[in-house]
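Take a look at the structure set out below.
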Amino acid sequence: MRPVRRQIFSWVGGALLSGAAPRILRAAPTPIRIGLMLPASGTFAPLGKTIQQGLRLALTQSGGQWGKRPVEFVVVDDESNPAKAPEHASRLLSRDRSDLLVGSVHSGVALGMAKVARDNNKLLIIPNAGANALTAAGCTENIFRTSFSNWQTIVPLGKVMADRGVRTAAFITWKYTAGQEYSAGFKEGFEAHGGRVVADLSLPFPQVEFAPLLTQIAAVKPQAVSCFFSGAGAAKFLLDYAQSGLKDKIPLFVTGHATEGILQALNTEAEGVVSVLHYADGLPHRADQTFRKNFQAAHGAQPDVFAVQGFDTGLALAQALSKTKGETDAKALSASLEGMVFDSPRGRWVMSKAHNPIQDIYVREVKGKRNAYIGIAVKALEDPATGCTLGS
Ligand code: PHB
C-alpha cells in the first residue's frame, strides 16, 4: 500500500544550533492515480471526449482533490478495440501504477477491463459500456457501473411504440455484444406489448455501409424502424436513413444513444425521432440546470448523456474517496460505493446491489438540436441483474 501522506521534516538553516524548534513542512499528499481507458479515435471518440470532460468537471468542482488527495489521470486511447483491452488495462496497473481503473465506452473493452480488475483486485468504475453481464451474472464486488445497462435503455421503448399504435418493426444495429443485447432487449420490450419484429438486421462494428440494409427494410415495409448506433456511426445512420427517403415513410423509434451528442452535426435529418434514455434536454431538475451551466462555462458546449455519466463517475469517486479518507484499496472503496445515492443531473440515482444505477428512463423527441424531454417512460428502473448474487 502506498502512503497516503508523506511528511518531510526540514531543518531550516541553523535552527537547531540556535535552539529554535525544527519547522515541520508537510509535503502535498501523494496523488491518486486513475487509469482512464476511453476511445479517442474511431466512431466512439466523441463519447470518450465528453465522458472525460464531465469527469474533469467533477474533479475541478472539488478543488482538484478527492479524499484530500490530488488526482492524476493516466489516459489511454483504447480505440474501442476489445482485443487490446486486457493489455491496456494491465499496463495501466503494473507499469503506470494506477490505483484504480475507469473505463470504457465499448462493451467488449469493458469486459476485458473487468477481467483485469478482478484478477488484480482493483476497483473498476464503468462510465458507459452497457454489457448486461457486467452487473448481472458477471457482477463482482470491486466492479461498479455509473451509466446504465443495455437492457435498461432499450426495453422501455416497446411500450412507447405500442402506445402510439406501432405493431411491426425492423431493428438494425452493429454485430457485437452491445448490438446483440439491444436487439434482444428491443424484442423483449416490443413483444411484451403486442409488437412483432419483422426484420433483425446487423452489420459488423464499426461499419457504416447502411444502404443494402436500408433496401431490405424498404422491402419488408415495417410500421417503424428501431436501432442501436452511437457516436459518429449514429450520425451517418440518421443521415442515410433520411437521404434514402425512408424517414418520410417509416418513423424511427430508437434507444437515445443514437441521437445523443450528434445533433449539431446534422441539419433536420433526425427531426421528430422519438427515443428513450436515462437523460434528456430540459429535465426539470435543479442539479441538471446547475450542471449544464457549469459544463457550458468549462467546455463551451452543452453536455450530452455521456458527459453526465463522466460527471457522475466523478461524483461517485468524490463521495467514496471522502469516506475512505483517500484510501484506494479496492475493498474499502467498494464498501463506500455500496448503496450510494445522489442527485445526478439525470435525477435521483441509486447504486443497486448488483452495482448498476437504478434510474428514471425518459421519453425524448428530437426538436432542432435538442433531445427534448417529453415524459417519463419508467420511474426508478432497476436492471434485473439475472444471476448476480451480490448483497443477497
Ligand atoms: C456499448 O458498447 O456498451 C455501448 C457503446 C455506446 C453506447 C452505448 C453502449 O452509446
Residue that is in a helix (DSSP H, G or I), aliphatic (A, V, I, L, M) and open to solvent by less than 10 Å² (accessible area, probe 1.4 Å), where the choices are 170, 133, 114, 162: 114
Scan segment 253-282 and report the pairs whose first residue is farther than 19 Å from residue 189 by Cβ and away from the ligand (no atom under 15 Å from the Cβ) and whose second residue is of a type in the set (Phe, Trp, Tyr) and not in a helix (DSSP H, G or I), with Cβ atoms within less than 7 Å and a gap of 6+ or a chain change. 281/373; 282/373
Of 366, 308, 378, which residue is outside the structural domain of residue 99 (by TED's automatic domain parsing) and touching a Pro at 6+ places or on another chain (Cβ under 6 Å)? 378
Run down 168, 140, 173 and say which single residue is within 15 Å of the ligand (Cβ to nearest atom) and at pLDDT 95 or above. 173
Note: among 76, 71, just one is free of Cβ contacts under 8 Å to residues at least 60 places away in the same chain, more than 12 Å from the ligand (Cβ to nearest atom), out of contact with any Pro (no Cβ under 7 Å at 6 or more places or on another chain) and assigned to a strand (DSSP E or B), namely 76
Count of residues meeting criterion [more than 18 Å from residue 346 (Cβ to Cβ) and either at pLDDT below 95 or surrounded by fewer than 17 Cβ atoms within 10 Å (Cβ to Cβ) (or both)] in segment 271-298: 4
Go through (1) within 26 Å of residue 136 (Cβ to Cβ); (2) surrounded by 19 or more Cβ atoms within 10 Å (Cβ to Cβ) and name the single condition residue 358 misses. (2)
Number of the condition not met by residue 338 [criteria: (1) in contact with a Ser or Thr (Cβ under 7 Å, 6 or more places away or on another chain); (2) open to solvent by 70 Å² or more (accessible area, probe 1.4 Å)]: (1)
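The values are calculated or read from the model by the stated rules, or taken from the named source; none is laboratory data. Predicted model only: the values in this text are computed from it and were never measured. Neighbour counts run over all protein chains shown; Cβ positions are idealised from the backbone, glycine included. Accessible surface is based on the protein model in full, side chains and every heavy atom, while ligands, DNA and RNA are left aside. Shrake-Rupley method; radii C 1.70, N 1.55, O 1.52, S 1.80 Å.
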